[in-house]
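Coordinate-derived values only; no laboratory data. Quick caveat: nothing in here was measured; it's all calculated off a predicted structure. No Cβ is skipped: glycine too gets one built from the backbone with ideal geometry, and neighbour counts run over all protein chains shown.
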Amino acid sequence: MTIKKDTALPKIDVAVPIESTTETLAPLKLKERFRKFLPVVVDVETAGFNAQTDALLEIACIPVLLNEQGVFYPGEAFNAHIEPFEGANLEPSALAFTGIDPNNPLRKAIAEDEKTALRRIFKGLKEVRRIEDCRQCVLIGHNAHFDLAFLNAAVLRTNNKSHNPFHNFSVFDTVTLSALAFGQTVLARACKAAGLDFDGNDAHSALYDTQKTAELFCYILNNYPMLANAMHSEPEITETATDNSK
């Protein structure tokens, strides 16, 4: 028997069922979207890179909220100019980079000590958290662990641990999200890729950088849908106080 090498195999048509539904799901509430975490964008301006020894000079926090149409948007900003703590290192190169002069009379007139500033900001964030029925804030930042390190160091210095609404180590980093969404890691370039205004002359102000990071975070959330199997139902797991990141 002769077998032809180019003989085609019989074609088999396989019917693939397609799921369809006319049901319209209601938009998720904020507490449902992030497992009862309140996302808060944070930026700090500092007098160096060492969170233990270098001064925290500015901090700004903006909670990210969700409207009834399911669109994320930046909430009210909480920010402060902060007096360097006693004995703090002020690295000249860091001050030149940020343009912050800790001895400027106008700055001194509005600057707060670390403890007062953090308590005021934490109080405002806790009120937002209460309204949104979230259990804890999670820090959103561009290179977020830098901001978290300075925040945690200031919390310990000022005995504010019981007032701190933030998770101790979990963060959402817009560097990673921007790399995924745009192939960019620099804040200004990621904002440009998203079609957001970014003025380099205003950069390195904690409030401005926080506003831009919040806009970027919201843009990514609003334009990149979750995967198809996201938000599936699971039994609630009781989490310990020391590790609630899983």
* Asked: Over what distance in Å are the Cα centres of the range 150-205 and the range 85-118 separated?
  -> 20 Å
* To do: Find the percent of Cα-Cα distances in the range 39-222 that exceed 24 Å, and round it to a whole number.
  => 35 percent
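Sorted by packing (mean other beta-carbon atoms within 10 Å per residue), highest first, where do 135-148, 72-85 land?
135-148, 72-85
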* Taking the Cα centre of the range 28-160 as origin, work out the dipole magnitude from +1 charges on Lys and Arg Cβ and -1 charges on Asp and Glu Cβ, in debye rounded to 20. => 740 debye
* Give 108/212; 161/192; 29/212; 123/192; 36/108; 31/212 a once-over and call out the pairs whose C-alpha atoms are over 30 Å from each other. => 161/192; 123/192; 36/108
